[in-house]
Amino acid sequence: QVQLVESGGGLVQPGGSLRVSCAASGSAFSLYTMAWYRQAPGKQRELVATISSSYITNVADSVKGRFTISRDNAKKMVYLQMNSLKPEDTAVYYCNAKRTSTSYWGQGTQVTVSS
């Protein structure tokens, strides 16, 4: 089993940067595909970025060129570096760990982009 705890959210001005982190506990972290999702008020949860166990990354078109996902298996951490933030990036950001049919979620961290 994997437990996930997100941190690093907050209020940032448009055009600013923020890094959110996800700390994992449990076994076999390195074997999980890790992902960041987000959910804005009144909207469905959407996939933002993924990083596989072999460090292959994918990001949504809406954040391509602005967001970067990374992982540190030794520390059992996943990061989402967010640059050039826009008001439409405002959402609760969730960390996800997936392996075969098993999926775990964190509690989320709020990111608000506003002047």
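One table, with the values for the structure above:
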quantity	calculated
Condition broken by Val48, with the remaining ones in (1) at positive phi; (2) touching a strand residue (DSSP E or B) at 6+ places or on another chain (Cβ under 6 Å); (3) not aromatic (Phe, Trp, Tyr) satisfied	(1)
Residue count for the range 1-35, restricted to those that are more than 16 Å from Thr112 (Cα to Cα) and in contact with a Phe, Trp or Tyr (Cβ under 7 Å, 6 or more places away or on another chain)	2
Extreme residue, most open to solvent (accessible area, probe 1.4 Å), among residues of the range 21-52 that are of a type in the set (D, E, K, R) and part of a strand (DSSP E or B)	Glu46
Any chance Tyr55 is out of contact with any helix residue (DSSP H, G or I) (no Cβ under 6 Å at 6 or more places or on another chain), part of a loop (DSSP other than H, G, I, E, B) and aromatic (Phe, Trp, Tyr)	yes
Qualifying positions in the range 66-115 - in a loop (DSSP other than H, G, I, E, B) and open to solvent by less than 10 Å² (accessible area, probe 1.4 Å)	Leu85
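The values are calculated or read from the model by the stated rules, or taken from the named source; none is laboratory data. These numbers come from a predicted model, not from an experiment. Ideal geometry is used to build each Cβ from the backbone, glycine not excepted, and the neighbour counts take in all protein chains shown. Only protein heavy atoms, including side chains, enter the accessible area calculation; ligands, DNA and RNA are left aside. Shrake-Rupley method; radii C 1.70, N 1.55, O 1.52, S 1.80 Å.
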